[in-house]
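The values are calculated or read from the model by the stated rules, or taken from the named source; none is laboratory data. Because the structure is predicted, anything quoted here is derived from the model rather than measured. In this analysis, Cβ positions are derived from the backbone assuming ideal geometry, glycine residues included, and neighbour counts consider all displayed protein chains. Surface accessibility is based on the protein's heavy atoms, side chains included, excluding ligands, DNA and RNA. Shrake-Rupley method; radii C 1.70, N 1.55, O 1.52, S 1.80 Å.
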Amino acid sequence: MSNSPAPIKKVTTAVFRSKKKRGEQLTMLTAYDYLTARAVDQAGIDSILVGDSLGMVVLGYSNTLPVTMGDMLHHCRAVSRGASRSLLIGDMPFLSYQAETGDAVRNAGRFLQEAGMDAVKLEGGRERLDAVRAIIGAGIPVLGHLGLTPQSVHQLGGFKAQGKTAGAAKRILEDALLLEEAGCFGIVLESVPARIASYISSRLTIPTIGIGAGGGCDGQVLVIHDLLGMYDRFTPKFVKKYAELHGEISQALLAYKQEVERGVFPAQEHTFTIPDGEWEQFLEQVGES
Ligand code: KIV
């Protein structure tokens with residue numbers, strides 16, 4: 001009998017398809033650094049999205065538009081060092097795929113070649129089909145993203161739910177069908193009425209991953225800072241906080257400050273010692289004996 005651990009079964013895009021077929025829910029979370037990626041991977045979450053939401057929750061921008069390829073690749077590399085099982089998806093930042101199809105393919109390729117990602121995500125429907133087809137044609141799996149697409153925040157007039165009229169909902173359905181036909185392995189549906197997201201999910205053979213799109217999707221994704229209660233600036237309606245880390249972090253920082261100021265930290269158990277003989281020699285050597 002061998003003592004070696006069981007081999008890790010890597011999640012692939014084929015798992016996305018088969019889970020949808022079997023009616024099993026897919027789990028996805030964002031991560032932007034090594035340690036968080038390790039925790040998410042070890043929790044058995046199917047997929048890690050290195051979202052451009054890092055612009056807001058890590059870099060402090062008010063939206064995702066300033067995020068660059070350099071930012072994304074930097075964080076994707078850290079995540080890929082921390083995860084071995086989850087499917088890793090790099091989010092293509094604003095203007096890395098909208099202007100030229102050739103740029104879109106080259107930038108998508110960098111996520112796989114330079115940053116250890118398994119797939120990329122990009123926002124948009126019919127207007128992005130050329131880019132989606134070209135990236136998939138280069139052998140790179142693409143996750144679509146419809147509904148509230150944050151890179152279009154100015155066009156949408158803010159971070160607002162989408163698909164709330166019959167016409168707008170029909171357009172999202174049509175875009176979803178086009179993305180499926182173009183070869184996407186799944187589609188994120190963000191801030192879309194639950195009934196519409198559920199209907200779209202029933203019309204697709206590829207899975208939908210919902211965020212603010214109700215329980216009728218084939219999987220769910222959340223920004224990890226929201227789930228852990230770390231981002232105190234704003235909490236979207238669709239977020240469930242599974243922890244309140246912002247409060248816990250604040251308490252820990254205050255306790256540290258007070259203990260240092262009162263001379264309580266560091267205590268004896270946090271310090272290193274020098275043997276008596278060495279201490280005496282040291283005093284001699286510095287002329288203090
Ligand atoms: O950037 C991101 O984290 C996302 C998810 C919210 C889907 O696009």
* To do: For Asp232, Asp103, Asp226, write out the residues from largest to smallest accessible area, computed with a 1.4 angstrom probe and no ligands counted.
  => Asp232, Asp103, Asp226
* To do: Please give the helix 13-22 orientation as an angle from the longest Cα principal axis of the chain, in degrees from 0 to 90, rounded to the nearest 10.
  => 60 degrees
* Asked: Is it possible to state the helix-based mean residue ellipticity at 222 nm for the chain, with each DSSP H run of 4+ residues giving -39500 (n - 2.57), the sum divided by total residues, to the nearest 500 deg cm²/dmol? What is it?
  -> -12500 deg cm²/dmol
* All-pairs alpha carbon distance profile, segment 1-149, 5 Å steps from 0, percent -> 2, 10, 19, 21, 21, 15, 8, 3, 1, 1, 0, 0
* Per residue, what volume in Å³ does the convex hull of the Cα atoms of the chain enclose? -> 215 Å³
* To do: Apply 1/(1 + (r/R0)^6) to the Cβ-Cβ distance of Phe282 and Val260, taking R0 = 25 Å, and write down the FRET efficiency to the nearest 0.05.
  => 0.40
* If you stretched the chain out fully between Phe272 and Glu100, how much longer would it get, using 0.36 nm times the residue separation minus the C-alpha to C-alpha distance? -> 56.0 nm
* Asked: What angle, in degrees between 0 and 90 and rounded to the nearest 10, separates the Cα long axis of helix 245-262 from the longest principal axis of the Cα atoms of the chain?
  -> 20 degrees
* Rank Gln258, Gln25, Gln113 by mean-square fluctuation in a GNM of the chain with C-alpha springs under 10 angstrom and give only the top-ranked residue. => Gln258
* **Acute angle (nearest 10 degrees) that the helix 194-203 long axis makes with the longest principal axis of the chain, alpha-carbon atoms** => 70 degrees
* Say each of Ile8 and Ser84 gets a label point 7 Å from the Cα, pointing the same way as Cα to Cβ; how far apart are those two points in nm? -> 0.5 nm
* Can you check what the net charge comes to around Ala161, using other residues whose Cβ is under 15 Å from the Cβ of Ala161 (Lys, Arg +1; Asp, Glu -1)? => +4
* Structure fact -> Semi-axes (Å, rounded, descending) of the ellipsoid equivalent to segment 148-289 per its C-alpha gyration tensor are 58, 18, 13
* Percentage relative contact order, the chain, counting C-alpha pairs under 8 Å, at least six apart -> 14 percent
* Please calculate how many Å² of accessible area segment 13-243 carries per residue, with a 1.4 Å probe and no DNA, RNA or ligand atoms counted. => 43 Å²
* Report, to the nearest whole %, how much of the accessible area of the chain belongs to carbon and sulfur atoms, 1.4 Å probe, protein only. => 54 percent
